[in-house]
Structure formats: C-alpha cells, structure tokens
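The values are calculated or read from the model by the stated rules, or taken from the named source; none is laboratory data. For clarity, every value in this text was computed on a predicted model and none was experimentally measured. Every residue, glycine as well, gets a Cβ built from its backbone with ideal geometry; the counts of neighbours run over all protein chains shown.
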Amino acid sequence: MTEPLLLSNDHGAVRVLTVNRPDKLNALNAATLDALHAAFAAAAAEPAVRVLVLTGAGPKAFVAGADIAEMNPLTPVQGRDFALRGQRMMRTVETLPKPVIAMVNGYALGGGLELALCCHLRIAADTARVGQPEVGLGLIPGFGGSQRLLRLAGRAATLELCLTGAPVDAARALQLGIVNRVVPAAELEEQTMALAQQLANAAPLALRGVLDCVNYGGECGIEEGLAYEATQFGLMFATDDMREGTTAFLERRKPTFVGR
Ligand code: CO8
C-alpha cells in the first residue's frame, strides 16, 4: 500500500498535518493540494480540533515548492487552474476559524513558502531556508506569494526575495518578519507543540475573533476595520468563555474554556 500524501495525528486538541513526500522534498502536486484542502476543511468542522500544526516529512524540507515535474508540461489554462487550486486551498487555511502554525523544519521554497505564509504563525528551525525561487524557473509566485509576502513583510523584502529568487536563512527570515520565531532544529517540535498547546487551552471563540478581525480588517479601511473589531468584541459578551475568563481573573484562578 502506498503511503498517504498527508499524515494526520492528533495530540489532544492539536492536529498535526504532515505533507508526506519526503523523496520529493514534499513538493506540492495536485493530489497533495487536494489532500491539504480536504484535511483543513474537515478540521475546521471538528470542534475537538482547536489548533493545527502543519509541517513536512523528513529531515530536509517543509515543502520545496510546487511540483516542477507536474508543472513542466502544463498549458497556460492548466497553469492557471493549478495556481487557482493552490490559492483556494491556501485561502481556506488563511481563513480557517482556528489557528494554524507552520512548523518550518527545512526548505520552504516557492509554493512551500506560500503555504507557510497562509498559516497564522510560523516557527522555523535555525537550519531552515525560505525563498521564492520561481524566477529561476521562468515563473513567478502563483500561490499568493507576491501578495501575502507583500502584506506580511512589505515591498522591499518581497521584491528582494521574488526578484532575486535567492533563499534566505532562518535568521534573516526572522529579521524580515517572515517567521515569528527561530528555534534550534532539535527543539522545533517541542517548542511548536508547546505553543500549539497554549493556544489549545485558550478560548476558541476569542481566537476566532482575532483571526476574523485580522483577516477582514487587514483588507479594509481603518474605520471599517475598527467597526468590525467593535462588533466582534461585543459578540464575545455572548460567550460562556468570556464570563469564565473574566470571572476566573477576579477569583484568582485559571480559566477553563469550553468553546461556547
Ligand atoms: N518539485 C518537484 N520535485 C522536487 C522539487 C520540486 N519543487 N524540489 C525537489 N524535488 C525533488 C528533486 O527533483 C529530487 O528528486 P529525485 O531524487 O527524484 O531526482 C528530490 O526532490 C531531492 O531534491 P534534490 O536532489 O534537488 O535535493 P538537494 O538537497 O540537492 O537540493 C533544493 C534541495 C535546493 C531544495 C532543490 O531540490 C531545489 O532547488 N528544489 C526546487 C526549489 C524550487 O525551485 N521551488 C519552487 C518551485 S516553483 C513553485 O513553487 C511555484 C509555486 C506556484 C505555483 C503556481 C502554479 C502554476
């Protein structure tokens, strides 16, 4: 039996998804894009899953890009369809109502960096390298890289990475704001899971409110964004978790959040 393209393991309320094509440095072919889309959509609908961690199998790569062998013969229409297939999946991840952490365990190149960019947080091993090398293939980023990198790290960094195609190391990625944290490779899993667990213990509807505000507010004007935030803030007062969180503070105890 062939190994699945995507492995899924639950650690309590944390679901770890692992792209599983280590022989091809976890390159994203169409089947892997579809498997990711299905897995994220399913996780969104499962209340028991509060946080997701996304990583790549093997010691070398998170994801080394879209599958170049699969892309090589494509027509323009097929190329566009392939880009849209990846973009839809990544938009699903970006707008997921629960946090997704990219555990960047090695190369995150091209479509691999784009996959990490659509996650909400990125923790990189100090050995990781990230970049948008598409120009070297006569291509440009197609899974949202030119847009998400621009929004995350700004124009200078985006133009540097996308025009030169040269990867940067984890320390430089941190400096550019592309990753949130860099940790020793040997501690990557432990530190990522500790962060995931911390989020899993938080109030799920509050996390969702933050994700919604950042996703929506990041794309509209300040007045509209503030109004949206105020509405989301007000909605929190309808949750049991808000009563629990504020009461626990006043009673000097730890809150227990139930997700409603
Ligand atoms: N696609 C397909 N196969 C890949 C990819 C990839 N992106 N990356 C690595 N592989 C394969 C290699 O072909 C090799 O396979 P095999 O053993 O069968 O020959 C295997 O993985 C191991 O790779 P290497 O032998 O090359 O390993 P090295 O340690 O020597 O090098 C590198 C590691 C530097 C990461 C190197 O593999 C590399 O440069 N890979 C390609 C990186 C790249 O250019 N990525 C961007 C791809 S384009 C893209 O992502 C566009 C996204 C938007 C698409 C929109 C749709 C149209």
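Being farther than 23 Å from Ala43 by Cβ, part of a helix (DSSP H, G or I) and basic (Lys, Arg) is the requirement here; does Arg148 meet it?
Here the answer is no, as Arg148 does not meet what is asked.
Filtering region 185-222 down to residues that are without any contact (Cβ under 8 Å) to a residue 12 or more places away in the chain and part of a loop (DSSP other than H, G, I, E, B), which residue is farthest from Gly106 (Cα to Cα)? Applying the filter and picking the extreme gives Gly221. Restricting Leu28, Leu52 to residues that are buried (at least 21 other Cβ atoms within 10 Å of the Cβ), within 15 Å of the ligand (Cβ to nearest atom) and at pLDDT 95 or above narrows the list to Leu28. Every test in (1) touching a Cys at 6+ places or on another chain (Cβ under 9 Å); (2) crowded, with 24+ Cβ neighbours inside 10 Å is passed by Val135 save one, and that test is (2).
Checking Ala13, Ala35, Ala83, Ala43 one by one, the residue that is within 12 Å of the ligand (Cβ to nearest atom) and either surrounded by fewer than 18 Cβ atoms within 10 Å (Cβ to Cβ) or assigned by TED's automatic domain parsing to the domain that holds Leu115 (or both) is Ala83 and no other. The residue pairs whose first member lies in region 241-260 and is within 17 Å of Lys98 (Cα to Cα), whose second member is exposed (fewer than 12 other Cβ atoms within 10 Å of the Cβ), and whose beta carbons are closer than 6 Å, counting only pairs six or more residues apart or on different chains, do not exist in this structure. You will find that of Arg252, Arg243, the residue that is part of a loop (DSSP other than H, G, I, E, B), out of contact with any Pro (no Cβ under 6 Å at 6 or more places or on another chain), basic (Lys, Arg) and loosely packed, with under 15 Cβ neighbours inside 10 Å is Arg252 and no other. Within the option set Leu149, Leu159, being farther than 24 Å from Val14 by Cβ and within 16 Å of the ligand (Cβ to nearest atom) holds for one residue only, Leu149. Every listed requirement among (1) within 9 Å of the ligand (Cβ to nearest atom); (2) crowded, with 22+ Cβ neighbours inside 10 Å is met by Ala69 save one, (2).
Pairs linking a residue in region 71-94 that is over 13 Å from Ala116 (Cα atoms) to a residue that is within 8 Å of the ligand (Cβ to nearest atom), with Cβ atoms under 6 Å and 6 or more positions apart or on different chains, are Ala83/Gly142. Ser146 meets all of the listed conditions (1) without any contact (Cβ under 8 Å) to a residue 24 or more places away in the chain; (2) among the small types (Gly, Ala, Ser); (3) not assigned by TED's automatic domain parsing to the domain that holds Ala30 but one, namely (3).
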